1. When Lys and Arg each count +1 and Asp and Glu each count -1, what net charge do the other residues less than 13 Å away from Ser238, Cβ to Cβ, add up to?
2. Find which of Ser117, Val173, Val213 sits farthest along the positive direction of the dipole of region 9-334, computed with +1 on the beta-carbon of Lys and Arg, -1 on that of Asp and Glu, about the Cα centre.
3. Can you list which of the chymotrypsin sites (Phe, Trp or Tyr not before Pro) found in region 266-343 are DSSP loop residues with at most 10 other C-beta atoms within 10 Å?
4. Quick one: go through region 211-251 and flag any residue whose amide nitrogen is under 20 Å from the point 7 Å out along the Cα-to-Cβ line of Arg330.
5. Given R₀ = 25 Å, FRET efficiency for Glu56-Asn288 by Cβ-Cβ distance, to 0.05?
6. By its C-alpha gyration tensor, with a ≥ b ≥ c as the square roots of the eigenvalues, how is region 224-343 shaped: rounded for a/c under 1.5, else prolate for a/b larger than b/c, else oblate?
7. Using a basic spin-label model with each label point 7 Å from the Cα along Cα→Cβ, how many nm lie between Glu157 and Lys241?
8. Return a whole-number percent for the relative contact order of the chain, with Cα pairs under 8 Å and 6 or more residues apart as the contact set.
Amino acid sequence: MTAITPFNKLKIIAHSNKIFQLLEGKIPAPVRIVLEPTNLCNHNCFFCSYTNFRSENKVFLPNEKLFELAKDFKKLGVKSVSLVGGGEPMIHPDIYDLIRWFYKNKIFISITTNGSSIREAEIDTIVRASTYIRVSLNAASTETHNLVNAPKNDQFERIINNIEKLRIHRDKVGANMLIGIRNAIHDKNFHEIEHMVALAEKLKVDYIMFAAVLWEFAASRESIDIAHRKIEELKKKSRIKISHSFYKEPKRTPKCISNPLIGTISANGDMYLCGFMDHADGAYKIGNVYEERFINLWGSKKHYEVYNSQDPEYCTKYICKMKEYDNVIRDVFVDDKMHIYSI
Ligand code: SF4
């Protein structure tokens, strides 16, 4: 049987009630929200795709708006909220109050972070409230971290300590949170691959993932080929899960079914059909939570209009996990390849 892990795309089947609604042309309440509390960041990664957006819009979602959203999520029955960039979510001044609120209200969170602003006094809250925390590290040394993530002062050791404290506390309380490290690979850091994996093993995190930064000649084909060979070797002997998305090509797929299972809200309050369309194309904007409450925007006439007018051609640019969910939906619910009623 396929392994039961958080990485198994068959988990979409658990949301069959919402899938049946989607297949009837209805927009169900979202399972998950991807929320950018701020687009400000205390790092300056040279490959960051939000740099332009950040230079034009320096914004925090203010306390009142964050909690208005949180209450709307609860009313809609949202199950999890991912705190992500735009910027670095953990530098938002109200982030720990928000995390505590989600925990108290039984909404799971997950965090994508550069790992520098984890408050020691809040580690217990993070560990108990989260399904995962993923640290964008991109280096195995202070020198490379300063070159790639470009913090204002040395932060690498502090981040490593934060990861270690999270893992030790997670193990101590037996929490179900995964801890991962993500490395964007390019010419400035591919030489540290072995050290990155050794560090992840030493920290006893659950997984390490690699992606290639291919644009603007940041990574030559040669360095990615070398990185790929090393990673494949390391995979054979490592104790932790290692993955990479090198050479993955975006696939052409039919019109997206599953994007309403995840809502996306930017730091400036914009709500788009999906995270890939965020900041990219006004045609896919559903509204802005400063102009209309989220709970009214979700499933609104405009939401249906945007959902029904999607051009699948737009999605061919992206390696998007929702395409894998859509494949499962088509195979299981449309074509009944599992004979789901013959249990
Ligand atoms: S990029 Fe396309 S396939 Fe992916 S979630 Fe958005 S609409 Fe769906």
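What follows draws every value from the coordinates through simple rules; no lab data is involved. Just so it is clear, the model here is predicted, and its values are computed rather than measured. Neighbour counts are summed over all protein chains in view; Cβ atoms, including those assigned to glycine, are modelled from backbone coordinates with ideal geometry.
1. Taking every other residue near Ser238 into account, the sum is +3.
2. Highest projection toward the positive end goes to Val173.
3. Answer in residue order: Tyr341.
4. Answer for region 211-251: 248-251.
5. 0.95
6. oblate
7. Distance between the two pseudo-spin positions: 3.3 nm.
8. In percent, rounded to a whole number, it is 18.
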